[in-house]
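Down below is the structure, laid out as structure tokens.
The values are calculated or read from the model by the stated rules, or taken from the named source; none is laboratory data. Just so we're clear, the structure is a prediction, and the values are computed from it rather than from any experiment. Glycine gets a Cβ as well: all are built from the backbone with ideal geometry, and neighbour counts include every protein chain shown.
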Amino acid sequence: MGYSRVLLKLSGEVFGGGKLGVDVTVVADIAREIADVVRSGTQVAVVVGGGNYFRGAELSHNGMARDRADYMGMLGTVMNSIALQDFCEKAGIETRVQSAISMAQVAEPYIPRRAERHLEKGRLVIFGAGSGMPYFSTDTVAAQRALEIGAEVLLMGKQGVDGVYDSDPKTNPDATKFESLTYDDFLTKNLKVADATAISLARDNGLDMVFFNLSTKGNIARAVAGDHIGTLVSR
Ligand code: UDP
């Protein structure tokens, strides 16, 4: 089969290669994979996370006001967006960053119809700054942007984990992977790989989600081709 328009969510962890800041080697590799997919004719939009800089919930646990901490988290996603834009352009594709928080010097504002025009012209669109609103996650934003721009699937790229497990495979060697799951199963089992708001938004609007490992080379192209990799979450 293969999709013609996808929304790819890249978690912040991926950008940092597990550390604070940006690991340029990792970002350059991902950018090359994305560029190949775009050149092959698939329309790709990306939502980037920011967990490699700040997570609002963690800062607020350590004493900061949650809303300010969340704005710091959102600004981190913009830094990741700029890094991804740079490496994608070096890999030879045109890109645009759209930010949900106005910062005209570095990004266009979020204008969904314009984002669709960019995609039709073969440009990669990178959505930064989350939703622009505290108390949300970039997973939820990824589901919302996917719905608003009419993406056929939400591809959830994870760092070093090849799908959804019944417990954290990084700490529990006996964790079992699900090949597929319904949204309701995901919610009842209280699984932590994506937040419940994102899952329920996808469920209510019939948006399929595929969780897969970004650390395996070629996986973005496989996910876009509709190969069965990772875990499919659907109705
Ligand atoms: N964030 C927010 N509103 C949004 C999206 C993100 O406040 O719409 C903040 C929140 O503090 C979050 C941080 O930005 O912890 C980084 O995003 P996220 O944790 O989703 O990144 P990821 O886990 O994908 O790296």
- [ ] Looking only at segment 53-60, decide whether some residue is at pLDDT 95 or above and not basic (Lys, Arg).
- [x] yes
- [ ] For residues that are in contact (Cβ under 8 Å) with a residue 12 or more places away in the chain and within 14 Å of the ligand (Cβ to nearest atom), scanning just segment 18-29, find the one that is nearest to GLY160 (Cα to Cα).
- [x] GLY18
TODO: Inspect segment 109-124 for any residue being modelled with pLDDT of 95 or more and under 22 Å from LYS217 (Cα atoms) and give the result as yes or no.
DONE: yes
- [ ] May I ask you to say which residue of VAL106, VAL153, VAL125 is touching a Phe, Trp or Tyr at 6+ places or on another chain (Cβ under 6 Å) and more than 11 Å from the ligand (Cβ to nearest atom)?
- [x] VAL153
Open item on the list: Take VAL44 and tell me if it is more than 13 Å from the ligand (Cβ to nearest atom), within 28 Å of ASP208 (Cβ to Cβ), touching a residue at least 60 places away in the same chain (Cβ under 8 Å) and part of a helix (DSSP H, G or I).
Closed with: no
- [ ] Kindly establish whether LYS9 is in contact (Cβ under 8 Å) with a residue 24 or more places away in the chain and assigned to a loop (DSSP other than H, G, I, E, B).
- [x] no
TODO: Output yes when any residue across segment 50-61 is away from the ligand (no atom under 11 Å from the Cβ), farther than 18 Å from VAL14 by Cβ and in a loop (DSSP other than H, G, I, E, B), and no when none is.
DONE: no
- [ ] Give just the number: which of (1) within 10 Å of the ligand (Cβ to nearest atom); (2) more than 23 Å from MET74 (Cα to Cα) does SER137 not satisfy?
- [x] (2)
Task: Flag if VAL78 is within 16 Å of the ligand (Cβ to nearest atom), outside any helix (DSSP H, G or I) and under 29 Å from ASN219 (Cα atoms) - done: no
Task: Selected residue [within 16 Å of the ligand (Cβ to nearest atom), modelled with pLDDT of 95 or more and under 23 Å from GLU13 (Cβ atoms)] from ASN219, ASN213 - done: ASN213
Task: Residues of segment 100-113 that turn out to be over 16 Å from ALA151 (Cβ atoms) and surrounded by fewer than 18 Cβ atoms within 10 Å (Cβ to Cβ), as a count - done: 8
TODO: Mind checking which strands (runs of 3 or more DSSP E) fall wholly inside segment 116-235 and carry at least 1 residues that are hydroxyl-bearing (Ser, Thr, Tyr) and over 24 Å from GLY51 (Cα atoms)?
DONE: 180-182, 231-234
